[in-house]
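*Asks:* Structure in structure tokens, see below.
The values are calculated or read from the model by the stated rules, or taken from the named source; none is laboratory data. All values reported here derive from a predicted model rather than from experimental measurement. Every residue, glycine as well, gets a Cβ built from its backbone with ideal geometry; the counts of neighbours run over all protein chains shown. To get the accessible areas, we keep the full protein, side chains included, count just its heavy atoms, and leave off ligands, DNA and RNA. Shrake-Rupley method; radii C 1.70, N 1.55, O 1.52, S 1.80 Å.
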Amino acid sequence: MTDTEERQRKPKKFKRRLRLNSAQIIVLGFLGVILLGAILLCLPISARNRTAMNFLDAIFTATSAVCVTGLCVVSTANHFSIFGQVVLLLLIQIGGLGFMSLTTMFMLLLRKKITLKNRLVIKEALNQDENRGLVRLTRNILLVTLVIEGLGFLMLLYPLVSANGGIGVWQAAFTAVSAFCNAGFDIIGDCSLMSFAGNITVNLSVMLLIVLGGIGFTVIMDIGKNRGIFKKLTVHSKLVIVSTLLLIVLGGAFYFGVEYSNINTIGNMRTGNKLLAALFQSVTTRTAGFATIDQNALTPAAKFGTMILMFIGASPGSTGGGIKTTSLIILLLSAVSGLRKNGDIIISKRKINTYSARKAVSIFIAGILIIIVSAFVLLISERGSIADQAGLLRFENILFECFSAFGTVGLSCGITPLLSATGKIVLIFVMFFGRVGLTTIGLMFLQNSGTEDKIRYPDVNIMVG
């Protein structure tokens, strides 16, 4: 081989090595947005006191915003200037919609061609099964987002302006975006929405935004397409709606019962306000992160119930995290199917394919392992930390924090700002895994050969149970 041929061959090899799959593009895209956000939050102009933020705290805050979590190491209302809050709002919006949706929007505005590779990345980012209609779906997602967030802003405008004056306009806009994106960040004060615990307008508006953001864009558009007629909806939409309503109602009844006499949460409220606070807690635990009651004051039973709801999370294709409602249903039906020795999982006269069932099991196991490992590391790293000295380093609080980070919820028992550098780094990884998705992270390291394995091995019976 001549020198010329060798030189021509090297760029091709290098180019081939740099070819990224869809999952890698999504992960690197999220990382890029987080890094850019952290740099902007470090600028003195982002802080009220014009002091540069610690870079680790900036990375933590940017990750929490892009991963729409809401865990905070500093007060969003008191630490950040208007510029810093605008940066946070943009990070939340990008994280909620996904950077590929916004990239597609800019490409459409600039009249750029959407290539097949772009479509494959959009398909992976939006959790879709086929390539058809992805650009139209992305356009509709952006339109639906603007409409819902706009309506949320109008609903929150009067109560927040009445309570806080002119700044209430900015608070209403920020809260509407944060609620729809299930982020949990707020700029009202250090106590989230606790001062509005009895305000029906604020509570119902935020709950509605959280639920709409949590059911997923595909479901919202399916409802609009079929004019809300339940029978005409797809099986996926039916599953999401039924499971969401059941979790809200059962969760609300649970909190109402176990916290009814707890004077540190809802014990001193009137019955109507108790019910409102219980329903809000049931909704916000599903990846939103707003709070109208003190999470650290919850009874142990309520904390445990909150961890379960945070782990379940929102629905696929939404702005929320967790293992997702559909995964829970498939897992439960798989268990029933296994007990009956019936290999098929049937929902609404449709058989769930094997891949979906395996994916649900994989997500569940991986999620549990991430929480176990992260809790174990925090129990070791936080000994002697400020949280330990403050008496907050209890096992239930550490576990609560890990579930909250994985489910991208943002509820906290108050130990997040007191964590050591190691503790913050651990939660950064947990938040990232929870938002980007365990499947996407896994696919990032797998190369699709394009050929299907045709080998079939004989069955073997393994004793289980």
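*Asks:* What does the charge count around C402 come to, taking other residues whose C-beta lies under 14 Å from its C-beta (Lys +1, Arg +1, Asp -1, Glu -1)?
*Replies:* Taking every other residue near C402 into account, the sum is 0.
*Asks:* Quote the accessible area belonging to C191 in square angstrom, nearest 10, computed with a 1.4 Å probe and with ligands, DNA and RNA left uncounted.
*Replies:* 80
*Asks:* Assuming a viscosity of 0.890 mPa s and a temperature of 25 °C, what translational diffusion coefficient in µm² per second does Stokes-Einstein assign to region 250-372, Rh being the Kirkwood radius over Cα pairs?
*Replies:* 153
*Asks:* Between L146 and Y260, what is 0.36 nm times their sequence separation minus the Cα-Cα distance? Round to one decimal in nm.
*Replies:* Extra length available between L146 and Y260 comes to 37.2 nm.
*Asks:* Let me ask something additional. To the nearest 0.05, how large is the calculated FRET efficiency for D190 and Y457 if R₀ is 60 Å and r is the Cβ-Cβ distance?
*Replies:* 0.50
*Asks:* Within the set of other residues whose C-beta is less than 11 Å from the C-beta of S315, count the net charge using Lys and Arg as +1 and Asp and Glu as -1.
*Replies:* My count for the surroundings of S315 gives +2.
*Asks:* If you don't mind, there's one more thing I want to ask. Which value, in debye to the nearest 20, gives the size of the charge dipole of region 332-396 about its Cα centre, when Lys and Arg are +1 and Asp and Glu are -1 at the Cβ?
*Replies:* 660
*Asks:* Figure the gain on full extension for L379 and R50 (residue separation times 0.36 nm, minus the Cα-Cα span) and round it to one decimal in nm.
*Replies:* Taking 0.36 nm per residue and subtracting the Cα distance, the gain is 115.0 nm.
*Asks:* I would also like to ask the following. Using a cut-off of 15 Å between beta-carbons, work out the net charge of the residues near L41 (Lys and Arg +1, Asp and Glu -1, L41 not included).
*Replies:* +2
*Asks:* Fully extended, how many nm does the chain gain between Q24 and L36 (0.36 nm per residue separation, minus their Cα-Cα distance)?
*Replies:* Full extension of this stretch gives 2.5 nm more.
*Asks:* Please give the peptides 247-257, 60-70 ranked by average Cβ packing (other Cβ atoms within 10 Å per residue), highest first, as a rough proxy for protection.
*Replies:* Highest to lowest by the protection proxy: 60-70, 247-257.
*Asks:* Can I ask one more? For region 166-182 and region 268-332, what is the centre-to-centre distance using only Cα atoms, to the nearest Å?
*Replies:* 21
*Asks:* Distance between the C-alpha centers of region 362-423 and region 187-234? Whole Å please.
*Replies:* Their Cα centres are 28 Å away from one another.
*Asks:* Restricting to DSSP loop positions (anything but H, G, I, E, B) with no more than 10 other Cβ atoms inside 10 Å of their own Cβ, which trypsin sites (Lys or Arg not before Pro) remain in region 294-394? Walk me through the numbers on the way to the answer.
*Replies:* Numbers: sites: K303, K324, R340, K341, K349, R350, K351, R358, K359, R383, R394; in loops: K324, R340, K341, K349, R383, R394.
Loop-located and lightly packed - R340, K341, K349.
*Asks:* What translational diffusion coefficient, in µm²/s and rounded to a whole number, does the Stokes-Einstein relation yield for region 328-421 at 4 °C and a viscosity of 1.567 mPa s, taking the hydrodynamic radius as the Kirkwood radius over Cα pairs?
*Replies:* Estimated diffusion coefficient is 83 µm²/s.
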